[in-house]
Amino acid sequence: MNINHRQRYVSVFLITILLLVSVSVFAGAVKETPVSSDTIQFVDSRGKTILLEKIPQRIVSLSPNITEILFALGAQERIFGRTDYCDYPQEAKTIPSMGDLFTPSIEMIVSTGCDLVIVSTLGQSQTIEAIEQTGINVAFIEESSDIEGTYRLIEQVGILIGSHEESLRLIDSMKHMISYVQQTIPQQKRPTVYYVAGFGEWGEFTASGDTYIHDIIELAGGQNIAADSVNWSFQTELLIERDPNIIILPPSWGSTFEETYKQFSSAHPYNTLSAVRQHTVYPFDNGMVERQGPRSADAVLALAKLFHPSLNWEDIE
């Protein structure tokens, strides 16, 4: 891996971390109070009141999980802008990009003629201020990094765009899928699991106990060996000592799983791990598991099938 590639990998990894970490920078409960049938009054996570005179028809999403939620609510025809990282579903890539997560083009956003911009990414306060100076409404929606927070996030987006009933149906569907997993997996026999968010010369990065991915792993019937760690950091010595049954290995930035697996499994001391020797290192769609949104329930089910392959899993929608 050359220096430029490593720098790019670290940069994207840090962006991913910022997408996932939930802090109290913008405090305040999110709620909506209808003023009339055509007006939405919404208090976002900053405590800022947003008054929309009509249901928004031209929306710019500046967070990948918000884009996924909008699609899942059937509002894709109302999305007129996204970020470079809003890449799911595939159709999202046809929507004009406003730029990256933290420095999108304000001029491009204004040119969309949008009546609402939605943000849920930590670190975008300057962007929010710059957009609001143009007179465009900006809603910042942040919820706790757990599955209950994900439900609330989806519902708040639904309220904000006038699709509350659709959001409730989506949440019910997600709850049904996770309930199915919980009823199917054994509650006592859980494999130990390690999620690779970064490895090698920069150190070990994983889904520590204060992350959203930890919650997903536990719901899927796994035992996260980094549950007692914080801030995504872990020690190589602990990884070797705890020697997980299963390793989840998303592809590194700019690489395929095969390339990432070869680099991980051939390097010392990773090549001494039982999961490497027993071929229980599995690829996984990091977008599915790392973004709080509609695919969170899908991630729970997919991981549960990896953790408990001998169970009789039914097709479930």
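The values are calculated or read from the model by the stated rules, or taken from the named source; none is laboratory data. Quick caveat: nothing in here was measured; it's all calculated off a predicted structure. Note: ideal-geometry Cβ built from the backbone for every residue, glycine included; neighbour counts use all protein chains shown.
Brief remarks on what is shown
- Residues of segment 279-299 that are of a type in the set (A, V, I, L, M), out of contact with any Leu (no Cβ under 7 Å at 6 or more places or on another chain) and over 14 Å from Thr67 (Cα atoms): Val289, Ala297, Ala299.
- Here is the figure for segment 232-252: residues that are touching a residue at least 60 places away in the same chain (Cβ under 8 Å) and at positive phi total 1.
- A residue that is in a helix (DSSP H, G or I), surrounded by fewer than 16 Cβ atoms within 10 Å (Cβ to Cβ) and over 22 Å from the mean Cα position of the chain (by Cα) can be found somewhere in segment 163-171.
- Subset of segment 194-232 [touching a Lys or Arg at 6+ places or on another chain (Cβ under 6 Å) and surrounded by fewer than 21 Cβ atoms within 10 Å (Cβ to Cβ)]: Gln223
- Close pairs (7 angstrom Cβ cut-off, 6 or more residues apart or separate chains): at positive phi and in contact (Cβ under 8 Å) with a residue 40 or more places away in the chain in segment 67-82, surrounded by fewer than 20 Cβ atoms within 10 Å (Cβ to Cβ) and part of a helix (DSSP H, G or I) anywhere: Gly74/Glu166
Residue-wise test of (1) buried (at least 17 other Cβ atoms within 10 Å of the Cβ); (2) aliphatic (A, V, I, L, M); (3) outside the structural domain of Gly47 (by TED's automatic domain parsing).
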{"residue": "Cys86", "(1), (2), (3)": "yes, no, no"}
{"residue": "Lys93", "(1), (2), (3)": "no, no, no"}
{"residue": "Gly99", "(1), (2), (3)": "yes, no, no"}
{"residue": "Val110", "(1), (2), (3)": "no, yes, no"}
{"residue": "Asp115", "(1), (2), (3)": "yes, no, no"}
{"residue": "Val119", "(1), (2), (3)": "yes, yes, no"}
{"residue": "Ala130", "(1), (2), (3)": "no, yes, no"}
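- Residues (without any contact (Cβ under 8 Å) to a residue 60 or more places away in the chain, out of contact with any helix residue (DSSP H, G or I) (no Cβ under 8 Å at 6 or more places or on another chain) and part of a loop (DSSP other than H, G, I, E, B)) located in segment 101-134: Ser105, Thr112, Gly113, Cys114, Gln133
- Filter pass, Tyr151 being within 22 Å of Ile213 (Cβ to Cβ) and at pLDDT 95 or above: yes
For every residue, the table says whether it meets (1) aromatic (Phe, Trp, Tyr); (2) over 16 Å from Ala207 (Cα atoms).
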| residue | (1), (2) |
| --- | --- |
| Ile225 | no, no |
| Val230 | no, no |
| Glu237 | no, yes |
| Ile248 | no, no |
| Glu259 | no, yes |
| Arg277 | no, yes |
| Gly293 | no, yes |
| Phe307 | yes, yes |
| Trp313 | yes, yes |
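- Among the residues of segment 293-317, not one is surrounded by fewer than 17 Cβ atoms within 10 Å (Cβ to Cβ), in a helix (DSSP H, G or I) and touching a Lys or Arg at 6+ places or on another chain (Cβ under 9 Å).
- Residue in segment 184-193 that is crowded, with 23+ Cβ neighbours inside 10 Å, at pLDDT 95 or above and over 30 Å from Glu77 (Cβ atoms) present: yes
- Residue in segment 248-267 that is surrounded by fewer than 22 Cβ atoms within 10 Å (Cβ to Cβ), part of a strand (DSSP E or B) and either touching a Cys at 6+ places or on another chain (Cβ under 8 Å) or of a type outside the set (Ser, Thr, Tyr) (or both) present: no
- Hey, Glu166 in the same structural domain as Leu101 (by TED's automatic domain parsing), among the acidic types (Asp, Glu) and out of contact with any Cys (no Cβ under 9 Å at 6 or more places or on another chain) or not: no
- Test result for Asn271, modelled with pLDDT of 95 or more and either assigned by TED's automatic domain parsing to the domain that holds Tyr195 or not basic (Lys, Arg) (or both): yes
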